[in-house]
Amino acid sequence: MPGGDNGRRSFAENALEQTPASMKATERDQLLRALKARFEKNMHRHPGVAWSEVQARLESNPDGLRPVLAMEETGGEPDVIGRNEAGQLTFCDCSAESPAGRRSLCYDREALDSRKENKPQGSAVEMAAEMGIELLTEEQYRALQTLGEFDARTSSWISTPSDVRSLGGALFCDRRYGKVFVYHNGAQSYYAARGFRGALRV
């Protein structure tokens, strides 16, 4: 897979197996610096939100650091894209293309188990759950696309309604010819240019 098996092992070692307490101060500070630089470079994604608010919320809620680190480690380039009515900040994968460390995955465990040969190394739904994030819905994906141009050469699995999934399918999106498209595919399929994007509320 793009990003390689090595990329996924790095993710497991540096994010999944850590607790907020075990995250080294240098690693935490490095993550916060990367987030701040991205935040300040893309102010159009989060009007009305100040970096001081983001940093304060992350530091007061250390459980949110691990998923954000996982997003960063797998190439998602997470950034704040809004605030909900409860005051929680929404982080989303804002990499130009589908995160490189999360590609060549089928949709979910059921799809993975259904393959008799040439199995991928995992599924999007399972990996998202391990990371502590949720796959974007179609609505969230379209909202993200109003903030920039994403997946011009790749595509991303999105959260699939149960009626579609029960028939064996799953949905994915991309951006082509200046428009956002939603497609369907067999949930067991996987491609080197397809990953998934996720969101996290902190």
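The values are calculated or read from the model by the stated rules, or taken from the named source; none is laboratory data. Everything numeric here is computed off the predicted structure, so don't read it as measured data. Accessible surface is based on the protein model in full, side chains and every heavy atom, while ligands, DNA and RNA are left aside. Shrake-Rupley method; radii C 1.70, N 1.55, O 1.52, S 1.80 Å.
Would you mind checking the tilt of helix 51-60 against the longest principal axis of the Cα atoms of the chain, expressed as 0 to 90 degrees and rounded to 10?
80 degrees
Given the options ASN118, ASN61, ASN42, which has the most mean-square fluctuation in a GNM of the chain, springs set between C-alpha atoms less than 10 angstrom apart?
Residue with maximal mean-square fluctuation among ASN118, ASN61, ASN42: ASN118.
Find how many whole Å separate the alpha carbon centroid of region 139-202 from the alpha carbon centroid of region 75-113.
Between the Cα centres of region 75-113 and region 139-202 lies a distance of 10 Å.
When DSSP assigns beta bridges and you keep just the ones with both residues in region 45-187, what percent turn out antiparallel, to the nearest 5? Mind showing how you got there, number by number?
Numbers: 15 of 16 bridges.
Of all bridge pairs located within region 45-187, approximately 95 percent are antiparallel.
Could you sort MET43, MET71 by accessible area so the largest value comes first, with the probe set to 1.4 Å?
Numbers: MET43 90, MET71 0 Å².
Final ranking, largest accessible area leading: MET43, MET71.
Leaving ligands, DNA and RNA out of it, report the carbon-plus-sulfur percent of the accessible area of the chain at a 1.4 Å probe. Show your work: numbers first, answer last.
Numbers: 4850 of 9970 Å².
Result for the chain: 49 percent of the exposed heavy-atom area is carbon or sulfur.
Mind checking the per residue accessible area of the chain for me, 1.4 Å probe, whole number of Å²? List each step's numbers first, then the result.
Details: 9970 Å² over 202 residues.
Per residue, the chain has an accessible area of 49 Å².
For the chain, place one equal point scatterer on every Cα, skip the solvent, and apply the Debye formula. What is log10 of I(q)/I(0) at q = 0.08 Å⁻¹?
-0.26
For region 33-91, what does the relative contact order come out to in percent, with C-alpha contacts under 8 Å and a separation of six or more?
This gives 34 percent for region 33-91.
As a test of the formula, what do you get for the chain when each DSSP H run with n ≥ 4 contributes -39,500 (n - 2.57) and the sum is divided by the residue count, at 222 nm and rounded to the nearest 500 deg cm²/dmol? Walk me through the numbers on the way to the answer.
On the way: 8 runs with 70 residues, N = 202.
My calculation for the chain gives -9500 deg cm²/dmol from helical runs alone.
Would you kindly state how much longer the chain becomes between ARG153 and TRP51 on full extension, computed as 0.36 nm times their sequence separation minus their alpha carbon distance, in nm to one decimal?
Numbers: separation 102, 0.36 × 102 = 36.72 nm, distance 3.09 nm.
Contour length minus Cα-Cα distance gives 33.6 nm.
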